[in-house]
Structures are given as C-alpha cells and as structure tokens.
Amino acid sequence: MLKKHPLIGYSLFGFVLFLISNRVDELRVFQGASVAIYVIAIASIILLTGYSGQVSLGHGALLAIGGYAAALSRNHWGVPVWLAFCIAVLAAALGGYLLGLAAARLSGPYLAGTTLALAIGLPSIANQFSIFGGEQGLLFDIGKPPASFGESLTQYKWFFWIASLAALISIYWLRNVMNSRYGRSWKSVRSNDVAAELAGINIGRNKVLAFTISAGIAGLAGALLAMSISTVSPGAFPLTLSFSLATGAVLSGVTTLGGVMIGAVTLVAIPEIVGSAVSRFESSDAVANNLPGLLVSALLILTVLFVPNGPVEQLRARREKRAKS
Amino acid sequence: MIQFFNMLLIGIGAGSIYALMAIAMVLVWRSTRVVNFAQAGMALLSTYIGFELVQKTGNFWIALPLAMILGAVFSSLVEILLIRTLIKHSTSGPVAGIVPIIATLGLLGFIRAIIGFIWGNQDVQIKAPLSQIGFRVGSQTIALSPMNLFVLLTVFGMVIVLGFIFQRTNLGLSLRASAYAPEIAQLAGVRVGAIRTVGWAIAGAAGAAAGLLQTVNGTGALSPDSLEFSLLLTFGFIAAVIGGLESLPGAVLGALVLGLVLAIVQIYISGTLVFIVAFALLLLVLLVRPQGFIGVKAGRRA
Amino acid sequence: MIRIKRQKLALTSAMLAVAALTVSSLPAQAASDPGVTASSIKLGITLPMTGIASPGYNKIPGAMKAYFDYVNDNGGVNGRKITLVVKDDQYIPSTAVAKANELILKDKVFALAGTLGTASTKAISASTQLAARGIPSLFVNTGFSGFADPKAYPTTFSILPSYVMEAKIMGKFLKEKYADKKLALIYQDDDFGRDALAGFKQAGITFGTYIPYASGSQSLPATGAGWISKLKASGAEVTVLFGVSSASTAALANAYAAQYKTQWVLGSVGGDATTIAATNKAYVPLLYGAKGFSFAPAPTDTTDEYIKLFQSIYATAQPTQTFDNNVVAGMSNAFLAVQALKAAGSDLTRAGLIKAIESKGSTFANPFLTPLGYSATSHVGGTGYWIGTYDPTGALKPDGGKYTVYTTDSGNGPVVESSYKRPAMPAKGLPN
C-alpha cells in the first residue's frame, strides 16, 4: 500500500511526529523544529548539488532572502503567516533565478567561490539599507498559537508543527520533482552533460531551473528559521551556516534525499551532545572552549573520509555489490 | 596628487598580501584540482609555528624559512592522510566536487581548535622584523615601508621561482600533467601520487610565507579566530579567479587589481562598500571573462 | 522496488532520529523557581567564546567565575553558592537561541546573565519568551538602548551605558574642547556606528570628514591605510574613532606607519589600552595623549579599591591572563549580580529578583563611577562616562586628576555633570 501511495506514508509519519511532540519536553520540541528546518535547507542543497551538480557554498544568503522577505512582508503589510512564507519562497526563488543565470556559465570552484563571496557580501548589503534593520535586525513574530488548540499548545510546539508540516510537504514535493522528467534531466546532465545536450536537453535552462527551485526551498527554510528565533538579522545567516548546510548535505549523502534526516539531526544533536559531554569534565578554559569544535571537526573529517557518499548510498552500494556477487 | 600616489601604493601593498594567498590557492588547484579551504588553516598553523620559532630564536629571518619548511611538511602530511583517502573512496561527479571542500572545511575547524588548545584563544604577537614606518620622500611620508617593500619583493620572487619550476623543469611538467591528465601522466611514468604531494608541499610553504608576512605586515597580532585569515581566504580566491585560476602571474595580477580597486573604493567612495564591490568584481569577471585576465579559454569545464 | 526500500530507509532513519531526540525525561513540576536550591543558585551565560567576535569577550566568563568563587568562599549569597553555566554561541543569533534554550530548559538556570550582542539578546528574548516565563536576563552586555525599556523587555536589565549616551557625552566634550578644530569621524557602518551618529546629531556636532567602514573590513590590509590617507588629505586635527578594538589598532598602526599625528578621541568599545597593548606593545606609546571614555575605573588604576580587589582575586583565579577592561566588565557584572541576588532575600524567586533590582537597584554598591538608573520604569544601568587621557604607559588617567562623570539618557535629555559620588566598597568586596 505504501508503494502505491507514498502520501499515506508521509501522513503517517506526520501523525507520529504529532503524537511525539505531545510527549516530549520543550527543549526537544524546539530542537525538533530546528531539525525540520535543517531538513528543508539540506534538501535544497541536495537538489542543487547532488542532482544538478552545482556546488553552492553560500546557501545561507538564499535563506537570508527568504527570512527577510517574510519578516518585511509581515511587518510592513501585516500579511498572514502562511502568506509571508509564500512570499519568502517566491523572493528567494527570484534570487535563485538571478543567481542561476549567472551561475549557469560557471562550474566547480568558480561557482563555489562566487556563492562564497555572496554569502560574505550579504551582511554588508543588509547594513546598507536601513529598511533591513541593520545589525540588530527585524522582529519576526508569527503570533500566538491559535487559542482553539488550548493551553497545552506552547509556542515551540506550534513552531514544531509548522516546521514539520512544511518539511513534510517540501520533501514530498521535492521527491516528486526529482522523480519527474526534470529530475531525470538533471541527473543526465550531471553524469554526462555532452550526451545530455545531444539528447536535446537545454543545459543552461536546466541549471537555472534547479537553482530557482533550490533557492525557493531554501527561502522557506530561512523564513522558518526566522520564525524559530523570532528575529532576522545579518548575523543569523553567517558563513558558518552555509558551511553547516553543505556539511549536513554531505553527511546525509548529497546525491539522495533518503538520508536527509541524518544530516539534519547530526547538525542539531552533535553540538549539544559534545557540549554536555565536555562540561562534565572540569577542564581549563582552553580545553572547554575548543574541545567541542575539535570533536565536531574530527567527526566530520572521519565521516567524509569513510562514508563520503553518505550512509544511504553506501548501504545501497553494498547491497548492490552483494546482489551482483 | 599625493593622495593619489599613496592610494596606488596602498592598493599595491594590499594586493601583494592577497597575492600571497592567491598563489597558494592556485598552486593547490593546479596540482590537485581541489579547492582547499584548509589553506587558510594550514597557513594559520604555520604562522603560529613561526611565532614559536621567533620566540625561541629571536630572529625572524631564521623563523621564516623554517616555518615554510614545516608548512610544507605539514601540508604534505595532510595530502597523504586526507586527500588520498578521499580520492580513493569517492566516486566521480558532484560528490567529487563538494566532498573535498567539506573535508578541508572540517580540517580548518580542527586546526583552529588545536591552535586554541595549545596557544589559547587570546592574541599573541609577532614583532615585525623590518620597520613599518613609511619611507620619506621629500617632506612626505609615503604609504610604503620597508616591510611593505619586502612583501612585494617576496611575492615577485615567488612568482618568478615558481613560474620557473612549473614551466621550465621536469618537476613542473609532471605537476601540470598530473593535474590535467593523471591517467596519461601515469602511463608516461610519472608517479602521480608523489607529485601531487610535492604540489601540496609547495603550496604549504607558500601558505606559511603568506601567513607570516601578512601578520607582521599588519598589526602583528595573531589569534585562532583572526578575522584576517578568513577574509584572506576569500579575497585570495577572488584575486585568483580574476587573474585566472590556472596561472600564477595571473593570480598576482588579479590580486593587484583587486587591491587597487578596493583601495580606490575605500578612499574615494566609501569604506562601507568593500565587500559588495569585491563580490561585484568577482561576478563581473566571471560573467565577462571567466578564464580570468590571463587565463586561456578552456574547452573543458573543470 | 528501489522506491520502497528508499522510503523504508527514510522512515526508519527518521524514526531512529526521533527516538534519539526523545531520550529525555519529562520535566518534573518544581515547587520553587528552577535553578535555586537551599544551597545553590545556577546562572547561565551564552556569548561568543570562539569564532570571529570572541577575542576579548571570551575572558568575561572566567572573570565572572573568579568573582563568584570568591563570594562562594566567603559564605555565598544568603548561604547559597553560585554556579555559572557557560555556553558558546559564536555570536550567531540562532545558536544563541539554541544555547539559551539549553540553559533554560535543560540546565534549568535561575536566570540568564551577561548575554552578549544586540541581535543575540533580541533573538533570545523574543524566541524563548523570557518575559512570558518571567526569566530574568541580568545585565546584558550590549549598548543597545532598547533593552532598558521595561515595557518591551520586562525581565531584562542593561548594565552598559548605551552608545547613544556615549556619543552625546562625547559630542558635548568635542564642542567644548575642540570648537575651532577640524573634526573627523571614523565609524563602523552598522547599528553601533549609527547610534553614535544619532548621538552626535543630538549634541549638535558635525564632522568635517566622515569615514565609515564596513564591519569586518577593518582587518583588511588596505583599510587602515586608506583611513589615514583620507585623514591626511582632510587635514583633520581631531579624529574620533567609534569602532571596535581591531579598528582602533588598525588606525593607530597605520597612523604610526604614516607618521601621522592627530588628536585621537577613542570610544569606550575600541579604546581598551590593555587590549591594544596585547596586540602590539609598539602601539601603546601612540595612545599617549589620546582621549578615552569609560564608565568604570581604569583597569590600571591601582588606587581604586575595587580595581585593587578585583586584581587580587583575578590574579589567584587566572594567573596566566592579563587584567584588562574585559575582566573589569566581567567582574563588575558578577558583582552586581551578587548584589541583586542578595537584595532579593533568602526567599529567592525570579519575580523577587526583578522587583529587588527595580526597587533597590539604583542604590546597589557597584564599581562603576556612574550612577545606576534601575527603577520600575527603566532598566537602564550605567548612564554616563568620564573622560581621560592616556599616559605613555597606556593607562587612562582622568582629566583633571579626578573622575568627573557626565550623565545623560538615550533620548533627548541634556548632558549634565554628575555629582554622583560612588559609595565606598562594602567590606571585603562582598555585597550586603
């Protein structure tokens, strides 16, 4: 039954999340919302890099566009929250479209470097125009959870539901896109662009489309991120965010959506686990400050060395090898 | 008039700093086709080693070559342990593009943490070996000091020496061949793996020089979170791209252009536009002449 | 076929992930406020300990702990020992929120202390709903004037005078002292610098040359040199610098290289001589004659009883670290926190703490030379600055030989010379 109707699988999963959110404490609920947001953001990178083969090291900038668009539209026009999110998606998609036009002619390190420079330049742009609220940023308040759900619906639970719903919808939609002819054409361009062109695929348009969709999804993640911290500021989308997303994508397995939760959970869980493990020991300042960073980096290097395609692909490759032998 | 002349000197001086990093990036790119974020991290570590050497020997001129040698050693180790394993395990395609970048990012974080462990997170200082006071021309002090001059000379020296190695020696030929066509090079008898390590070693030495020189040319302050190093990485990359990622003289030219443009913007327009202009310049070059000023139009897509 | 497998895998991995996240117990219903027991009080701080914004600031928790340990060794606060949980947020607002959530929900701290950074503090306040939960945010480390408004931030208390205040006081000083001189201003192009512009405008000061710089660019090779080049061309006689430490260092270093002389006026944020000295001793003599602004006694002023005490406490607790403005800031913050906790009484509750600061805060003993402005209608801490000149050793000495403090507000109020006399330090430096 699940085979024919993946929608049922997703709905089931969503229901399970709903049940769990009522049993778990606030911190976990908030972290769950963060995981959902990362899931969306990482999926956007998987689409762009894994399927379309374009490396972006500045995805944080696209998240920022989404976050600012949502905050501005809500603060200045008072739009309802769902509309603010839609505006975020469209604004980021537009940004992605423009970036894609420029990027279609670039490849490899040139593209990576350009996106990197964008991520670095964006806070500067935000500081230039006072409408963006400068360093302290803008408030983004999605309002209290609806009273009809009662007292037990705390703000973080509300965030979690919204983020999870958005994540489920996005992933479901992305899966369909990637299994459609667009997805197949991206894959063929990725494996052999000359052959793909011969087969009649317009590579430039192809790449721009991937960028646009990826950016729109990233914009949604950015708006949700702004929701979760109730503010949007240039500092909320630093270079390290772009790097974390790329890292999460690699940890998940950048060529497939299947492992996207792994990367998201790792990004949220590892800093906390490492942080509490370190604080157990009475240690000098130098150790306490740097040990978390050290462990996280070491973990990253080891994972990338030994499981570079991500656990999902690795498992599949092993299964295929076993099937062949 | 004086201000214009000073602006030129400032721009060239800044460009020479970017050039140091750009050279290291181009070296790694030409040897291994990997964009190495850990360049900045390894340069940082080498600079700290240089700091220790200056402390121990009291002499910068001994510390500099020693740090460069140690930087080369460390860089080769990274290549052998990290990069080779990566290349062995990964498939081709986009994974091959992004995975090394993530791995070197992880290495950058690792190095930063180690530095914080050993030397702490506060500033340490390296005293400049040469005077930083500008030369006097007539009654004016110009924006060029003995230290600045030394950096400029070093940059040009590196370009000449490295250019010679790459273009005129067998080692250079092997380096270029191993990067462009490893299988064919192997067939021709080149030990591709060893050559790649040599390429990284050279880049490590260049990075060490870059780190040390830019520190003493500036305020002499060093910390694991030095803003300078993170920015240098990006600006060095932008410089390399402007000049053409494939060419050393191009990297230097690109760096000088970048330095001059930014100096003009900062002095005559507004200091708030620095990052935006750098990004715009990068975008402009990529759109109009993606192979850079000096680069040859390549048929292949990296 | 593959689709099912993938789906199954996705579902399974998701389940596993969720299960991993679920590993934690349900919160117990506490009768009293969390973070307080009969023998202990838990405070939490999140600030940049590593990362770009961390140099200098990462000394604050060590300094705070040094003072807290001193207090603990001397009986604690009403018999309770203070512990400080430290989290590193790398100056990123979303990380700050995550860490604040850990502090509040997992570590269950009694109150937040010393949060750093305007954007981070704003994000924490809004997202974790400090106001609704009644969680005090003590003495935040930012100069943003908005946090002093109890209507917007009912549980948050400022400690630093705002940037607008500093600019107003500086403006008055410039008007009086350098009325006929050519003025230039170097400032950071974000809220920090813009607050300063607003303050200067209020003071009625205009500069002959404005030199803004993009935040972060001050460390680039050409930037400092460009400033000096512009200053030279403009013939500025007095140069005001409203920027961070790295900007001051860049300015001084390049002035030295260009042999450019001007009367420097340094804002409090970037004017810490000890930090500048730690960067490069050669620049310290360059400070000689520069004007500096501060609201606490200078860290080099060993005649001040608070500085003497703090120095001795810090020397035992952190013998390898230098004693600078960051340490003074941290220890003063801790001192004030202890004073507030004591004032809240033995029956310690969050609401009680907030009330105590609002009602008695303005009379708290504290190391600052400006009066504190805490009341039910304002959560503002320091309200003024004194002006000093750097001597050849880099020590900031007050003009006129004694600390003359000027106070103002963050609005349209005038700048007045304050008659505030700092009350004597309580015995052994333990608040009562």
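The values are calculated or read from the model by the stated rules, or taken from the named source; none is laboratory data. For clarity, every value in this text was computed on a predicted model and none was experimentally measured. Quick reminder, even Gly has a Cβ in these numbers, built from the backbone with ideal geometry, and neighbours come from all protein chains shown.
The set of residues from the stretch B:1-28 being surrounded by fewer than 24 Cβ atoms within 10 Å (Cβ to Cβ), touching a residue at least 24 places away in the same chain (Cβ under 8 Å) and aromatic (Phe, Trp, Tyr) comprises just one member, B:PHE5. Of all residues in the stretch A:297-309, those being in contact (Cβ under 8 Å) with a residue 24 or more places away in the chain, at the interface with another protein chain (Cβ under 7 Å from one of its Cβ atoms) and assigned to a helix (DSSP H, G or I) number 2. Quickly run through the stretch B:98-108 and pick out the residues that are at the interface with chain A (Cβ under 7 Å from one of its Cβ atoms) and either of a type in the set (A, V, I, L, M) or in contact (Cβ under 8 Å) with a residue 24 or more places away in the chain (or both). B:ILE98, B:VAL99, B:ILE101, B:ILE102, B:ALA103, B:LEU105, B:LEU107 - these are the residues of the stretch B:98-108 that are at the interface with chain A (Cβ under 7 Å from one of its Cβ atoms) and either of a type in the set (A, V, I, L, M) or in contact (Cβ under 8 Å) with a residue 24 or more places away in the chain (or both). Of the residues making up the stretch B:210-218, at least one is within 14 Å of chain C (Cβ to nearest Cβ) and touching a strand residue (DSSP E or B) at 6+ places or on another chain (Cβ under 6 Å). As a summary of the residue check, C:ASN412 satisfies the conditions (1) touching a residue at least 40 places away in the same chain (Cβ under 8 Å); (2) more than 14 Å from C:LYS168 (Cβ to Cβ); (3) not assigned by TED's automatic domain parsing to the domain that holds C:ALA334 except for the one numbered (2).
Out of everything in the stretch B:219-264 that is within 11 Å of another protein chain (Cβ to nearest Cβ) and of a type in the set (S, T, N, Q), what residue ends up being nearest to C:TYR256 (Cα to Cα)? Result: B:THR219.
For C:ALA119, indicate whether it is outside the structural domain of C:ILE82 (by TED's automatic domain parsing), under 27 Å from B:SER270 (Cα atoms) and among the small types (Gly, Ala, Ser). Taking the combined requirement at face value, the residue does not satisfy it. Taking each residue of the stretch A:314-325 that is in contact (Cβ under 8 Å) with a residue 60 or more places away in the chain and looking for partners that are surrounded by 12 or more Cβ atoms within 10 Å (Cβ to Cβ) with beta-carbon atoms closer than 7 Å, six or more apart or interchain, yields A:GLN314/A:VAL307.
Among the criteria (1) surrounded by 24 or more Cβ atoms within 10 Å (Cβ to Cβ); (2) hydrophobic (A, V, I, L, M, F, W, C); (3) under 25 Å from A:GLY32 (Cβ atoms), the one C:ALA111 does not fulfil is (3). Among the residues making up the stretch A:282-295, those that are more than 7 Å from chain B (Cβ to nearest Cβ), in contact with a helix residue (DSSP H, G or I) (Cβ under 8 Å, 6 or more places away or on another chain) and either over 19 Å from B:GLY120 (Cβ atoms) or modelled with pLDDT under 75 (or both) are A:SER283, A:ASP285, A:ALA288. C:ALA126 meets each of the listed conditions (1) facing chain A (nearest Cβ under 9 Å); (2) among the hydrophobic types (A, V, I, L, M, F, W, C); (3) over 30 Å from C:GLY270 (Cβ atoms) apart from (3).
The sole residue among A:LEU47, A:LEU63, A:LEU57 that is within 14 Å of chain C (Cβ to nearest Cβ) and under 19 Å from A:LEU111 (Cα atoms) is A:LEU63. Among the residues here, A:SER170 does not qualify as among the hydroxyl-bearing types (Ser, Thr, Tyr) and free of Cβ contacts under 8 Å to residues at least 24 places away in the same chain. Report, by residue number, each residue of the stretch C:35-68 that is modelled with pLDDT of 95 or more and in a loop (DSSP other than H, G, I, E, B). Scanning the stretch C:35-68 gives no hits. Whether any residue in the stretch A:263-274 is buried (at least 24 other Cβ atoms within 10 Å of the Cβ), touching a strand residue (DSSP E or B) at 6+ places or on another chain (Cβ under 8 Å) and within 11 Å of chain C (Cβ to nearest Cβ) is what I want to check. No; the residues of the stretch A:263-274 include none that is buried (at least 24 other Cβ atoms within 10 Å of the Cβ), touching a strand residue (DSSP E or B) at 6+ places or on another chain (Cβ under 8 Å) and within 11 Å of chain C (Cβ to nearest Cβ).
The helices (runs of 4 or more DSSP H) found entirely in the stretch B:95-209 that carry 1 or more residues being of a type in the set (Ser, Thr, Tyr) are B:146-168, B:170-180.
So in the stretch A:127-142, with the set limited to residues that are more than 9 Å from every other protein chain (Cβ to nearest Cβ) and part of a helix (DSSP H, G or I), which one is surrounded by the fewest Cβ atoms within 10 Å (Cβ to Cβ)? So the residue we want is A:ILE131.
Residue count for the stretch A:230-262 under the criterion of being within 19 Å of A:MET178 (Cα to Cα), more than 10 Å from chain C (Cβ to nearest Cβ) and at pLDDT 85 or above: the result is 1.
Quickly run through the stretch C:158-214 and pick out the residues that are within 12 Å of chain A (Cβ to nearest Cβ), hydrophobic (A, V, I, L, M, F, W, C) and buried (at least 23 other Cβ atoms within 10 Å of the Cβ). Once the filter is applied, which keeps residues that are within 12 Å of chain A (Cβ to nearest Cβ), hydrophobic (A, V, I, L, M, F, W, C) and buried (at least 23 other Cβ atoms within 10 Å of the Cβ), the stretch C:158-214 yields C:PHE192, C:ALA214.
On the stretch given as the stretch B:112-168, residues that are of a type in the set (A, V, I, L, M), loosely packed, with under 15 Cβ neighbours inside 10 Å and over 21 Å from the mean Cα position of the chain (by Cα) total 3. Kindly indicate whether any position in the stretch A:6-28 is in a helix (DSSP H, G or I), crowded, with 19+ Cβ neighbours inside 10 Å, at pLDDT 85 or above and within 10 Å of chain C (Cβ to nearest Cβ). Checked the stretch A:6-28: at least one residue is in a helix (DSSP H, G or I), crowded, with 19+ Cβ neighbours inside 10 Å, at pLDDT 85 or above and within 10 Å of chain C (Cβ to nearest Cβ). Comparison of B:GLY50, B:GLY71, B:GLY13 shows that the only residue that is in contact with a Ser or Thr (Cβ under 6 Å, 6 or more places away or on another chain) and in a helix (DSSP H, G or I) is B:GLY71. A single member of C:TYR57, C:TYR91 is over 24 Å from A:ASP141 (Cα atoms), among the hydroxyl-bearing types (Ser, Thr, Tyr) and in the same structural domain as C:ALA334 (by TED's automatic domain parsing), and it is C:TYR57. Among all positions in the stretch A:154-170, there is no residue which is charged (D, E, K, R), surrounded by fewer than 24 Cβ atoms within 10 Å (Cβ to Cβ), under 16 Å from A:GLY216 (Cα atoms) and at pLDDT 80 or above.
Listed by first and then second residue, the pairs linking a residue in the stretch C:323-351 that is free of Cβ contacts under 8 Å to residues at least 12 places away in the same chain to a residue that is assigned to a helix (DSSP H, G or I) and buried (at least 24 other Cβ atoms within 10 Å of the Cβ), with Cβ atoms under 8 Å apart and 6 or more places separating them unless they lie on different chains, form an empty list.
Within the stretch C:283-309, the set of residues being out of contact with any strand residue (DSSP E or B) (no Cβ under 9 Å at 6 or more places or on another chain) and of a type in the set (A, V, I, L, M) comprises C:ILE307, C:LEU309. Among the residues of the stretch A:33-83, those that are of a type in the set (S, T, N, Q) and more than 15 Å from the chain's Cα centre (by Cα) comprise A:SER52, A:GLN54, A:SER73, A:ASN75. Residues that are modelled with pLDDT of 85 or more number at least 1 in the following helices (runs of 4 or more DSSP H) confined to the stretch C:222-316: C:245-257. Test each condition in (1) more than 24 Å from B:VAL261 (Cα to Cα); (2) within 13 Å of chain B (Cβ to nearest Cβ) for C:ALA225 and report the one that comes out false. With (1) more than 24 Å from B:VAL261 (Cα to Cα); (2) within 13 Å of chain B (Cβ to nearest Cβ) applied to C:ALA225, the lone miss is (1).
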